[in-house]
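S.K.: Here's a structure for you.
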Amino acid sequence: MENNQLNFNLFDIIKTILKWKFYIIGLATTVAIIAAVYFFMQKNEYKAYGAFFPSSAVMSGRINLFRESQQEWIDFFGGENEVDRAYVIGNSAEVISYLIDKFEFAKHYNIDVKNDKNGSKKVYKRFAKNFSLSRSGYKHLEVTFTDEDDELAYLVVNEAMNRTDDLLRKLYARVNSQLALALDTRTDSISSQLKVVTDSLIQLRVKYNIYDIVSPGRSNLMLGNAKGSGLAYATGLEEIQNIEEVKDKLAMNKAKYMSLSNEFKTATYEGFPMIHVVQWATPNGPKAGPYRILGVATAFAFAFFFGLLLAIIIELFVSNKHKFQ
């Protein structure tokens, strides 16, 4: 029975290396030289780094600013919800597109967005590849940007944090403004009703000659020296009480809505910090690549092992070709 098993052990590998050493080393050296030329032509890249904690939404909220009882301790820094919001907004197109336009990255990357219909996509894709806003395990967010221009890199990181802060503030301000607007709208409606009720009350007082303050809502308080009797006086007194009660309720609701509206408007103050920056990016950031020596060494090692593998395959084929015939 013919044995077609291929035998190749460590000694055979050593013999192959010695036999093919000039070819293997020559291949590895050639690849290393090509890699060295490639890395030499690449420009250095630098990474800028910044970090921030989101601010607590409760700290600047109406519930805290206008509390009526002693408030328990509120952390200045936000929790998971605030971190989630900052993460989503920081990675949104409102931040990315803003940075691309502000720093003219189409020109920086030499991409023609006017004549190339996919130019804007290319700019966005390349920028997003170099930009990162990520969460850490300590409830804060880290911002990095890599670019050949270290000055530009740190400006992008700092502007990204400022933009995130600005959008978060506008988000909360927009909600509070809409709530205040709803209250103001209701206040205007109550004012119109109050005017009608007041006019009716005035006419009743003149008609029945009753000018005392009469309102069940004021604990049956009655001020004045009005005296009278008969059906007309009793009718006028009851009608005035009814209208007075409605007017007092409307007046109190109007005051309440105006007060609430002013509270929500206070929460739109632009001075509230939405993020707490713990590290601003600085120029002259650490080098992010290319790592030329490591790259050349890696290319040499891969080429060496590839050449060795190729030599082993050739030796196996030559020494065992009779088995395949």
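The values are calculated or read from the model by the stated rules, or taken from the named source; none is laboratory data. This is a predicted model, so every value here is computed, not measured. Neighbour counts are summed over all protein chains in view; Cβ atoms, including those assigned to glycine, are modelled from backbone coordinates with ideal geometry. Accessible surface is based on the protein model in full, side chains and every heavy atom, while ligands, DNA and RNA are left aside. Shrake-Rupley method; radii C 1.70, N 1.55, O 1.52, S 1.80 Å.
S.K.: Name the one entry in 140, 108 that is touching a Phe, Trp or Tyr at 6+ places or on another chain (Cβ under 7 Å) and either more than 28 Å from residue 264 (Cα to Cα) or of a type outside the set (Val, Ile, Thr) (or both).
M.R.: Of the residues listed, the single one that is touching a Phe, Trp or Tyr at 6+ places or on another chain (Cβ under 7 Å) and either more than 28 Å from residue 264 (Cα to Cα) or of a type outside the set (Val, Ile, Thr) (or both) is 140.
S.K.: Here's another thing I want to ask about it. Residue 313 - would you say it is β-branched (Val, Ile, Thr), exposed (fewer than 13 other Cβ atoms within 10 Å of the Cβ) and farther than 30 Å from residue 42 by Cβ?
M.R.: Judged against the criteria, residue 313 is a match.
S.K.: Here's something else I'd like to know. Within segment 10-50, restricting attention to residues that are within 16 Å of residue 294 (Cα to Cα) and among the aromatic types (Phe, Trp, Tyr), which residue is most open to solvent (accessible area, probe 1.4 Å)?
M.R.: Only one residue fits best here, namely 40.
S.K.: Given the condition open to solvent by less than 60 Å² (accessible area, probe 1.4 Å), within 30 Å of residue 238 (Cβ to Cβ) and of a type outside the set (S, T, N, Q), answer yes or no: does some residue in segment 148-159 qualify?
M.R.: no
S.K.: Would you tally the residues in segment 132-147 being open to solvent by 30 Å² or more (accessible area, probe 1.4 Å) and among the aromatic types (Phe, Trp, Tyr)?
M.R.: So the count comes out to 1.
S.K.: Still on this structure, I have one more. Restricting the search to segment 106-154, which residues are assigned to a strand (DSSP E or B) and under 21 Å from residue 89 (Cβ atoms)?
M.R.: Once the filter is applied, which keeps residues that are assigned to a strand (DSSP E or B) and under 21 Å from residue 89 (Cβ atoms), segment 106-154 yields 131, 132, 133, 134, 135, 141, 142, 143, 144, 145.
S.K.: Could you please find all residues in segment 258-267 being in a helix (DSSP H, G or I) and open to solvent by less than 40 Å² (accessible area, probe 1.4 Å)?
M.R.: Result: 261, 263, 264.
S.K.: Checking residue 235 against (1) under 43 Å from the mean Cα position of the chain (by Cα); (2) β-branched (Val, Ile, Thr); (3) open to solvent by 30 Å² or more (accessible area, probe 1.4 Å): exactly one of these is not met. Which one?
M.R.: So residue 235 meets the others, but not (1).
The rows are residues; the columns are (1) open to solvent by 60 Å² or more (accessible area, probe 1.4 Å); (2) more than 30 Å from residue 209 (Cα to Cα); (3) assigned to a loop (DSSP other than H, G, I, E, B); (4) of a type in the set (Asp, Glu).
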site	(1), (2), (3), (4)
240	no, no, no, no
245	no, no, no, yes
248	no, no, no, yes
256	yes, yes, no, no
269	yes, yes, yes, no
272	no, yes, yes, no
282	yes, yes, yes, no
285	no, yes, yes, no
288	no, yes, no, no
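S.K.: Quick check, is residue 63 modelled with pLDDT of 80 or more, open to solvent by 100 Å² or more (accessible area, probe 1.4 Å) and of a type in the set (A, V, I, L, M)?
M.R.: Criteria not met by residue 63.
Conditions tested, residue by residue: (1) among the basic types (Lys, Arg); (2) buried (at least 16 other Cβ atoms within 10 Å of the Cβ).
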{"position": "97", "(1), (2)": "no, no"}
{"position": "102", "(1), (2)": "yes, no"}
{"position": "106", "(1), (2)": "no, yes"}
{"position": "110", "(1), (2)": "no, no"}
{"position": "114", "(1), (2)": "yes, no"}
{"position": "117", "(1), (2)": "yes, no"}
{"position": "122", "(1), (2)": "yes, no"}
{"position": "125", "(1), (2)": "yes, no"}
{"position": "130", "(1), (2)": "no, yes"}
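S.K.: Let me ask you something else. Going through segment 83-95 one residue at a time, which ones are touching a residue at least 40 places away in the same chain (Cβ under 8 Å) and open to solvent by 70 Å² or more (accessible area, probe 1.4 Å)?
M.R.: Selection gives 85, 87, 94.
S.K.: Could you tell me which residue of segment 1-58 is modelled with the lowest pLDDT, considering only residues that are within 30 Å of residue 267 (Cβ to Cβ) and small (Gly, Ala, Ser)?
M.R.: Among residues in segment 1-58 that are within 30 Å of residue 267 (Cβ to Cβ) and small (Gly, Ala, Ser), the one modelled with the lowest pLDDT is 57.
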